[in-house]
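Student: One structure follows; several queries about it will come next.
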């Protein structure tokens, strides 16, 4: 009985969060399904350690961030990324090197939470249009901005957080209106 209640609460929360953004419910569930499928593929691939890689999906665009111990592992990660259904684009922001240190992980988490709060409370942006990943004090943005001005505001909100060294945007802008 408790598991049914938990599933109901989770489904309601997902529906509310999907409705709060410009994305429709199908797009949100498609991204969730693709993310779960990719995690399953990576979990079953025992040839490499994907433990320091973050997967961020928005409308079929997959952004990979974090670190891989070897170049061969990074290449296998990208190969595996294309195995999930409904992936239209793979954005590779993975570095080859040592895993993120505990201290850096804590700092990245602080930056992530600070930016999420700023996006939620800033009236000039629609925070639900953006997905965030933070790795090695670099903020990676994925999503769709309503305008160039909104995107500039989001980048500024990220850039001015203490400890942020770099902001990388993979945010799409709407197509210009045809006359």
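The values are calculated or read from the model by the stated rules, or taken from the named source; none is laboratory data. Small disclaimer: the values here were computed from a predicted structure and weren't measured. Quick reminder, even Gly has a Cβ in these numbers, built from the backbone with ideal geometry, and neighbours come from all protein chains shown.
Student: Is it fair to say residue 165 is surrounded by fewer than 17 Cβ atoms within 10 Å (Cβ to Cβ), within 19 Å of the chain's Cα centre (by Cα) and in the same structural domain as residue 114 (by TED's automatic domain parsing)? Quick ask: steps written out before the conclusion?
Tutor: Values: surrounded by fewer than 17 Cβ atoms within 10 Å (Cβ to Cβ): yes; within 19 Å of the chain's Cα centre (by Cα): yes; in the same structural domain as residue 114 (by TED's automatic domain parsing): yes.
Here the answer is yes, as residue 165 does meet what is asked.
Student: Same structure, new question: Just to be sure I understand the filter: pairs with C-beta atoms under 7 Å, separated by 6 or more residues or on different chains, first member in region 153-179 and free of Cβ contacts under 8 Å to residues at least 24 places away in the same chain, second member surrounded by 10 or more Cβ atoms within 10 Å (Cβ to Cβ). Which pairs pass?
Tutor: As it stands, the answer is 155/167; 155/169; 159/167, since those pairs meet every condition given.
Student: Of all residues in region 25-44, count the ones that are over 11 Å from residue 86 (Cβ atoms) and either at pLDDT 80 or above or not assigned by TED's automatic domain parsing to the domain that holds residue 75 (or both).
Tutor: Step one: filter region 25-44 for residues over 11 Å from residue 86 (Cβ atoms), giving 25, 28, 36, 39-44.
Of the ones still in play, those that are also either at pLDDT 80 or above or not assigned by TED's automatic domain parsing to the domain that holds residue 75 (or both) are 36, 39-44.
So the answer is 7.
Student: Please work out which one of (1) outside the structural domain of residue 57 (by TED's automatic domain parsing); (2) over 18 Å from residue 170 (Cα atoms); (3) surrounded by 13 or more Cβ atoms within 10 Å (Cβ to Cβ) is the condition residue 125 fails and give its number.
Tutor: Only one criterion is unmet by residue 125, namely (2).
Student: So, restricting to strands (runs of 3 or more DSSP E) that lie completely within region 20-132, which ones have at least 1 residues that are over 14 Å from the mean Cα position of the chain (by Cα)? It would help to see each step written out before you state the result.
Tutor: Values: elements: 53-58, 61-68, 89-96.
Those strands (runs of 3 or more DSSP E) span 61-68, 89-96.
Student: Go through (1) surrounded by 13 or more Cβ atoms within 10 Å (Cβ to Cβ); (2) at pLDDT 95 or above; (3) within 25 Å of residue 34 (Cβ to Cβ) for residue 109 and report which single condition fails.
Tutor: (1) is the only condition that residue 109 fails.
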